[in-house]
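Structure first, then comments.
The values are calculated or read from the model by the stated rules, or taken from the named source; none is laboratory data. Since the structure is predicted, the reported quantities are computational estimates derived from the model, not experimental observations. For neighbour counting, all protein chains shown are included, and Cβ atoms are generated from backbone atoms with ideal geometry for every residue, glycine included. To get the accessible areas, we keep the full protein, side chains included, count just its heavy atoms, and leave off ligands, DNA and RNA. Shrake-Rupley method; radii C 1.70, N 1.55, O 1.52, S 1.80 Å.
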Amino acid sequence: MFSDNGQQTPCVGVSIGVERVFAIMEAKMAMQGSAVDVFVASAGKGMMLERMKLGKELWDSGVSAEFMQNKENPNMKAQLDWALSKNIPYMVIIGAKEVEEGVVTIKDLQANIETKMSRADMVTYFQAKTGGGGG
């Protein structure tokens, strides 16, 4: 622009509110909800393999699912907080007792309703709830 020697330097300036742009983007993402339909959680230690098996069953049937991969034995609060922060509508919970009985606990995180059902019926249930499936 202006210098001490009096010589003018041409310039152009542009300004955008980056924080405002990010705030708008975050609000839009929150309104859209989650691309993931089911969060696979576990109760107890040593359940990573079971979480992976449940996730694969859901993925193979066309239901979008995820689970915590960065922790071998995450506590239930951490898993619930993760699912809620991602706006995931459903959670399926498995523990040693559920594996033994062949059941899972399904939690509707929006309605705050918990249901137990056979593991064999889980895929059909989520396909009906989420519109997943068809292969």
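Just wondering, is there one or more residues in region 54-75 that are farther than 19 Å from residue 130 by Cβ, in contact with a strand residue (DSSP E or B) (Cβ under 6 Å, 6 or more places away or on another chain) and part of a helix (DSSP H, G or I)?
Going residue by residue through region 54-75, those that are farther than 19 Å from residue 130 by Cβ are 68-75.
From the residues that got through so far, the ones that are in contact with a strand residue (DSSP E or B) (Cβ under 6 Å, 6 or more places away or on another chain) too are none.
No - not one qualifying residue is present in region 54-75.
Picking from residues in region 35-54 that are of a type in the set (Lys, Arg) and over 15 Å from the mean Cα position of the chain (by Cα), the one that is most open to solvent (accessible area, probe 1.4 Å) is 45. Of all residues in region 90-117, those satisfying the criterion of being without any contact (Cβ under 8 Å) to a residue 24 or more places away in the chain, assigned to a strand (DSSP E or B) and not polar (S, T, N, Q) are 103, 106, 107, 108, 113, 114, 116, 117. Comparison of 66, 57 shows that the only residue that is buried (at least 17 other Cβ atoms within 10 Å of the Cβ) and touching a residue at least 60 places away in the same chain (Cβ under 8 Å) is 57.
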